[in-house]
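All of the numbers you see were taken from the coordinates with simple rules; none came from a lab. Please read these numbers as outputs of a predicted model, since none were measured by experiment. Counting neighbours? That spans all protein chains shown, and the Cβs are built from the backbone with ideal geometry, glycine included.
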């Protein structure tokens, strides 16, 4: 398994709403925010039996045609193999963020 995984998501909702939803999502996932700007959040997941933790970088970008693009990348902090943990992190993030965005839109 590679030591890095990435995903790109699109939402019809504007970037401010998506970024606020992202912050709530990260808090719910209990990931530690290490760095935050207007468009980017860098978080760390916790230590587990499968890894020493991962760093997840999420960028929230306005699309020229409207809506928002979210790019996320997960990388392990120590080691060469992630044993599927990076993809698992991104799947958890995607599911939780999709749920939060749907909740906000209704």
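Observations on the model:
- Computed [θ] at 222 nm, deg cm²/dmol, the chain (DSSP H ≥ 4; -39,500 (n - 2.57); rounded to nearest 500): -11500 deg cm²/dmol
- Once both labels are positioned 7 Å from their Cα atoms along Cα-to-Cβ, the gap between residue 10 and residue 92 label points is 2.8 nm.
- Take 56-63, 33-40, 95-102 and order them by the average number of nearby Cβ atoms within 10 Å per residue, most first; the result is 56-63, 95-102, 33-40.
- Overall form of the chain per C-alpha gyration tensor (a/c, 1.5; a/b vs b/c): prolate
- Modelled label reach - residue 75, point 7 Å along Cα→Cβ, segment 21-46 residues with backbone N closer than 17 Å: 34-36, 40-45
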